[in-house]
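Below you'll find the structure, written out as structure tokens, and then a few comments.
Values in this text are rule-based calculations from the coordinates and carry no lab data. Every value quoted in this text rests on a predicted model; they were computed, and no experiment measured them. Cβ placement follows ideal geometry from the backbone for every residue including glycine, while neighbour counts extend to all protein chains displayed.
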Amino acid sequence: MLLLRAFLGIFYGGLLVLQGTLVSELCGDQWRGAILAAAALGWSIGDVYIVVCLYYFADLSWRMVFAFLPLGPLLFATCCLFLLPESPRWLLVSGQEERAKKSLDCIFTSQVIRGTAVVGPAPTVILTEASADNTQASLSETLHLLSTPALRRITVGATLMYTSIAASTNLLSFYGPYIVSKINGKSEYDNLPLFGKSHAVGVIGTLISTLAVDALGRRGLLVMASSFKVVLLMLLAVPSMVGSLEGLWLGQSLLATMQWTVAGVYVAEIYPTDLRGRGSAFSMFFGRIASVLVPLMVGHFLDLGVSYVLQCVVSMTLLCVICVATLPKDLARLQMPDRCLSHKL
């Protein structure tokens with residue numbers, strides 16, 4: 001069972017990277033952030049879907065639930081993939097001009113859903129940056145490019161930001177029932193409805209991010225969400241705030257979803273096209289590792305009390321604020337870079 005779960009995790013991690021990379025390269029600059037954030041609705045709605053299914057199919061064994069409930073969304077997502085063209089931006093940068101032309105034709109010949117647009121063969125696209133070729137950098141070459149002066153600050157900042165968000169949110173998800181039961185004195189089972197509401201609030205958080213990510217910018221929205229989350233977590237540790245426990249917990253859940261959503265937008269677009277997939281994977285890799293190791297490490301010190309766990313989450317969230325504040329200017333409604341050599345800070 002553990003081996004199969006680990007095996008599934010490989011594909012899950014790949015989806016995290018590839019979804020944002022593909023969507024960012026298929027969208028125009030004006031609405032790229034909003035569309036990337038809206039694409040994250042699938043994760044939030046998926047959480048609600050699982051909660052609802054578990055409520056109505058509670059009598060089924062966990063094996064049946066684990067095996068069959070994801071099949072419907074999985075088949076739907078697979079069908080949607082066949083409707084999407086390959087990224088013409090990446091194809092052009094990697095020197096595959098014929099495939100890029102076919103991909104662009106597929107986009108330009110599709111029917112307009114709203115407004116007016118020219119429908120027909122795509123115009124010829126000429127790269128204005130460094131000439132493209134078919135070469136793909138090796139792992140060592142990729143690491144070298146990510147550590148060059150043009151990308152070093154982005155790589156370190158984006159990796160630490162994503163790692164702190166992944167570790168802190170997974171820590172709260174893992175020990176959330178324990179924390180809430182210690183605060184209000186109820187059993188973890190009695191507190192389950194609160195966590196069902198948390199998933200529903202996550203949908204609202206994603207919608208707020210979709211509406212605000214271009215207006216406020218990626219950095220501005222991340223700093224705001226992380227700062228308010230720190231305040232709510234600190235209030236959770238105050239004994240006199242027990243009566244407001246549900247509101248505080250749902251509030252931090254909403255802000256955590258906003259963190260995830262906006263961080264995904266930033267990481268998906270900040271690297272140049274010829275390194276976007278591998279750069280995003282590098283930043284997210286350490287986040288996925290931290291999301292597993294940090295809860296295990298903190299678990300050894302649960303005897304220190306709930307305040308210790310909350311202090312750990314607050315510390316990691318503050319680290320996120322610092323990392324975001326030091327990141328280069330975000331690309332809200334701006335053109336993404338295509339070649340790493342043209343990526344100037």
For the stretch 281-345, listing chymotrypsin sites (Phe, Trp or Tyr not before Pro) in a DSSP loop whose Cβ sees at most 16 other Cβ atoms within 10 Å gives F301
If each of Y189 and C79 carries a label point 7 Å out from its Cα toward its Cβ, how far apart are those two points in nm?
-> 4.0 nm
The convex hull of the Cα atoms of the stretch 174-263, divided by residue count, gives a volume in Å³ per residue of 84 Å³
Taking the chain, the whole-percent share of alpha-carbon pairs separated by over 38 angstrom is 21 percent
Expressed in angstrom and rounded, the centroid-to-centroid distance over alpha carbons for the stretch 235-268 and the stretch 172-204 is 12 Å
When the convex hull of its Cα atoms is projected in every direction, mean area for the stretch 52-108 (nm²) | 5.8 nm²
Reach of K182 by Cα under 15 Å, taken over aspartates and glutamates that are not fewer than 8 positions away in the same chain | D190, E246, D303
With +1 at each Lys and Arg Cβ and -1 at each Asp and Glu Cβ, the charge dipole magnitude of the stretch 176-273 around its Cα centre, to the nearest 20 debye, comes out at 140 debye
Among the chymotrypsin sites (Phe, Trp or Tyr not before Pro) within the stretch 161-220, which fall in a DSSP loop and have no more than 12 other Cβ atoms within 10 Å of their own Cβ?
-> Y189
Once fully extended, how much extra length lies between M241 and R5, figured as 0.36 nm per residue of separation less the alpha-carbon to alpha-carbon distance?
-> 81.1 nm
For the chain, what are the DSSP H helices with axial Cα length of 30 Å or more and mean Kyte-Doolittle hydropathy of at least -0.5?
-> 2-26, 149-184, 192-216, 245-270, 276-299, 306-326
Where trypsin sites (Lys or Arg not before Pro) fall in DSSP loop in the stretch 41-146, at most 15 other Cβ within 10 Å | R114
Separation of the M234 and D105 label points, Cα + 7 Å toward Cβ, nm = 6.1 nm
FRET efficiency for F286 and Y178, using Cβ-Cβ distance with R0 set to 30 Å, rounded to 0.05 = 0.70
For I113 and I204 in one chain, what is 0.36 nm times their gap in residues minus the Cα-Cα distance, to one decimal in nm?
-> 30.2 nm
Cross-link reach list, lysines versus K186, counting only Cα pairs under 23 Å and skipping chain neighbours closer than eight places = K197
For the stretch 132-232, projected area of the alpha-carbon convex hull averaged over all directions, nm² = 10.2 nm²
So what is Rg over Rh here for the stretch 43-144, counting just Cα atoms and using Kirkwood for Rh?
-> 1.19
